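Peer 1: Quick one: structure below, then a few questions.
The values are calculated or read from the model by the stated rules, or taken from the named source; none is laboratory data. What you see is a predicted model; the values in this text were computed from it and never measured. Cβ coordinates were reconstructed from backbone atoms using ideal geometry, including for glycine residues, and neighbour counts include every protein chain displayed. All accessible areas refer to the heavy atoms of the entire protein, side chains included, with ligands and DNA or RNA removed. Shrake-Rupley method; radii C 1.70, N 1.55, O 1.52, S 1.80 Å.
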Amino acid sequence: MVGLLLLIAYLLGSIPTALIVTKYFAKVDIRTVGDGNMGAHNVHRVLGWGPSILVAVVDFSKGALAVLLMKALGFGLGWQLLALACAVLGHDFPIFAHFRGGQGLAATLGGLTALAAVEMAIGLVLYGTIYLVTRNADLGAGVGTGLGVLLMVWRGQPLLLIAGAVLIILVIPAKMLLDSPRRMEIHQRHT
């Protein structure tokens, strides 16, 4: 049963929201425009706020739903973190988009919010504030998720949650590095 639930989490993460939205609104593959990332920030760059908010909400929900499904069925924290990891893996390497996905930020934030609502809500507010002031999504995400983890430590959350959160968050810069040659190729094509 748990294997099936982890597969469902992966498949949920594999729904290529940004690809679907940009093909619907602009008849374009989001992975070939902007910075090439299949995420809400690139959708904002290419299509504006409306479509990007839709992508962010759906991708956030994918991570949260993976965690909440495990929680609702009585599985413990370790399984909930594993389900989140599977959803992020699905977002990063989606079976429904030839394994060329995004970096998993929104799915990560959604799952961590389901696991540590207060800490991550404060982190999300800081992320949004930094982004609005600097227009730097990476800086906002790094500081916001970092604060969320520090608050988990400060509020005495289980070590498993803290360690799992750190590991899942670290997937984001790892995927950015993995995607950097493709992003440079897209940038060179458009300059």
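Peer 1: In the range 1-92, how does Rg compare with the Kirkwood Rh, expressed as the Rg/Rh ratio over alpha carbon atoms? Can you show the working numbers first?
Peer 2: On the way: Rg = 14.4 Å, Rh = 13.5 Å.
Here Rg/Rh amounts to 1.07.
Peer 1: Taking R0 as 22 Å, what's the FRET efficiency between A163 and N136 from their Cβ-Cβ distance, rounded to 0.05? It would help to have the intermediate numbers written out before the result.
Peer 2: Working: r = 28 Å, r/R0 = 1.25.
Efficiency at R0 = 22 Å is approximately 0.20.
Peer 1: P(r) tail for the chain, what percent of Cα pairs lie past 30 Å? Provide the component values of the computation, followed by the final result.
Peer 2: On the way: 2891 of 18145 pairs.
Percent of Cα pairs beyond 30 Å in the chain: 16.
Peer 1: Express the relative contact order of the chain as a whole percentage, based on alpha carbon pairs under 8 Å and six or more residues apart in sequence. Intermediate values should be presented prior to the final figure.
Peer 2: Working: 292 pairs, mean separation 42.9, N = 191.
Relative contact order here is 22 percent.
Peer 1: To continue, here is another question. What order, most packed first, do the peptides 37-43, 178-184 have when packing is the mean number of other Cβ atoms within 10 Å of each residue? Display every interim value, and only then the final one.
Peer 2: Numbers: 37-43: 25.3, 178-184: 13.9.
Result, highest mean Cβ count within 10 Å first: 37-43, 178-184.
Peer 1: Between L73 and R100, what length in nm is gained on full extension when 0.36 nm per residue of separation is reduced by their alpha carbon distance? Could the numbers behind the result be given before it?
Peer 2: Details: separation 27, 0.36 × 27 = 9.72 nm, distance 3.08 nm.
Extra length from L73 to R100 when fully extended: 6.6 nm.
Peer 1: Can I ask one more? Stretch T129-F25 to full length: gain in nm at 0.36 nm per residue minus the Cα-Cα span? Before the final figure, lay out the partial values.
Peer 2: Working: separation 104, 0.36 × 104 = 37.44 nm, distance 2.81 nm.
Here the answer is 34.6 nm.
Peer 1: State the percentage of accessible surface on the chain attributable to carbon and sulfur atoms; use a 1.4 Å probe and exclude ligands, DNA and RNA. Kindly include the intermediate steps, with their values, before the conclusion.
Peer 2: On the way: 6890 of 9300 Å².
After summing per-atom areas, the C and S share lands at 74 percent.
Peer 1: Are there any helices in the chain, counted as whole DSSP H runs, that stretch 30 Å or more along their axis by Cα and score at least -0.5 on average by Kyte-Doolittle, and if so which? Walk me through the numbers on the way to the answer.
Peer 2: On the way: long enough: 49-72 (33 Å, 1.34); 159-189 (45 Å, 1.01).
Sorted by number, the helices that extend far enough and score high enough are 49-72, 159-189.
Peer 1: Another question about this same structure. Can you give me the Cα centroid spacing of the range 98-144 and the range 1-55 in angstrom?
Peer 2: When both Cα centres are located, 16 Å separates them.
Peer 1: Per residue, what accessible area does the range 1-119 have, given a 1.4 Å probe and all protein chains present, in Å²? Each step should come with its number before you reach the end.
Peer 2: Working: 4900 Å² over 119 residues.
Solvent-accessible surface per residue comes out at 41 Å².
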